[in-house]
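Just below is one structure, and these are the notes that go with it.
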Amino acid sequence: MMVKWLLVVVIISGIIYFFMRNKTIGSKKMDSFEGDNMYECKQCGTYVSEREVIAKGGYHYCSPECAKSKG
């Protein structure tokens with residue numbers, strides 16, 4: 001009987017650890033984008049982070065292809 005309870009406790013602890021570990025990893029990924037401004041591409045409407053945006057003629061573009069095309 002004691003072995004069954006021990007097994008239940010180990011399984012529950014494993015499940016809690018699994019979800020807490022994933023929560024920690026997910027929050028670290030999101031921290032890298034905190035405070036990053038997003039801009040809408042004038043050509044296709046895709047939103048691009050401030051680090052990746054291409055500014056040309058006072059407008060923002062998501063890629064060199066969109067910056068070349070006339071919109």
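The values are calculated or read from the model by the stated rules, or taken from the named source; none is laboratory data. Remember, it's a predicted structure, so these values are computed and weren't measured experimentally. Glycine also receives a Cβ, built like all others from the backbone with ideal geometry; neighbour counts cover every protein chain displayed.
Among the numbered conditions (1) among the basic types (Lys, Arg); (2) assigned to a helix (DSSP H, G or I); (3) modelled with pLDDT of 80 or more, tell me where residue 42 comes up short. That leaves (2) as the condition not met.
When segment 54-67 is filtered for residues that are at negative phi and surrounded by fewer than 18 Cβ atoms within 10 Å (Cβ to Cβ), the ones remaining, listed by number, are 54, 55, 56, 59, 63, 64, 65.
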